[in-house]
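Each remark here refers to the structure printed beneath this line.
No value in this document is a laboratory result; all are computed from the given coordinates. Here the structure is a predicted model, which means the values were calculated and not measured. A quick note on method: Cβ atoms are made from the backbone with ideal geometry, for glycine too, and the neighbour counts reach across all protein chains shown.
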């Protein structure tokens, strides 16, 4: 090998090494993405109570929605679901002996489940597809405040901090979704057992029969979107609850229509799926151009 050829190769290797090292440094220098809100459909400001869907009253096992995140997929950290409790401590000072139920002065504990599904549009409309993950947690559920017959015209309601009277008491449940990766669109569903409904009905009356899932009737999502704003996803065993009268089946989690203006209150938090920043992409492409130029130069020198 001649001295000039050796020098050319060393120069090529030096430039190539420099480009690769610069690209790696640029990637390493990128700040770690912090968790952010990727979808938010919670009422803001949060009222004391909201419209709600009672699982026991409507023979429901699961209820949810199809949502679109602001990112092209994400690594989730948590999911927050709006719930509304109608159960009062005065009615449940004697706590039923049911597995999973624990009553306290401030509230009761009951397991709730959050399911996330891929979207399956093979039938011509988006339906729940393969299950992405399921998370069940024992949740503390605060009692609804006591009746205020004087301020609420002798109705079985309580007076909220906004001066309005309500039947249910709003609270949110945060589910741990650390390590769960989702696409930009997915379907979620909240599920729990009541006396006669759910995956494993309790078999007896309890405060969970007065537990409802909370609905937003105020505005569209502030972050992300709902691709089908008039729909909800529902598993109810009563055919007449579905808009199609049960033609699409009962007791299965599927799309239902005519839900405007109601939608399940929810929020999902996490980090967007990682993609190279424009500057890094440009650096890598530029490195490729430099290497290609050096190779062409070397070929010209040989000819």
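Numerical summary
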| read-out | value |
| --- | --- |
| 5 Å binning of all Cα-Cα separations within segment 120-172, expressed as whole percents from 0 upward | 4, 15, 15, 11, 8, 8, 9, 11, 10, 7, 2, 0 |
| Protection proxy ranking, peptides 192-202, 219-229, average beta carbon neighbours within 10 Å, highest first | 192-202, 219-229 |
| Protection proxy ranking of 139-146, 175-182, 244-251 - average other beta-carbon atoms within 10 Å, highest first | 139-146, 175-182, 244-251 |
| Part-to-part distance (alpha-carbon centres) for segment 229-274 and segment 40-71, which is given in Å | 10 Å |
| Distant alpha-carbon pairs in segment 62-109 (separation over 18 angstrom), percent | 55 percent |
| Neighbour-count order for 71, 36, fewest beta carbons within 10 angstrom listed first | 36, 71 |
| Over segment 36-272, relative contact order from alpha-carbon pairs under 8 Å, at least 6 apart, % | 39 percent |
| Calculated over segment 36-272: convex hull of Cα atoms, volume per residue (Å³) | 126 Å³ |
| Stokes-Einstein translational diffusion, segment 84-217 - Kirkwood Rh over all Cα pairs, 0.890 mPa s, 25 °C, in µm²/s | 145 µm²/s |
| Where Rh is the Kirkwood radius over Cα pairs, Rg/Rh for segment 41-155 | 1.03 |
| Length gained when the stretch residue 156-residue 91 is fully extended (0.36 nm per residue, less Cα-Cα span) | 22.2 nm |
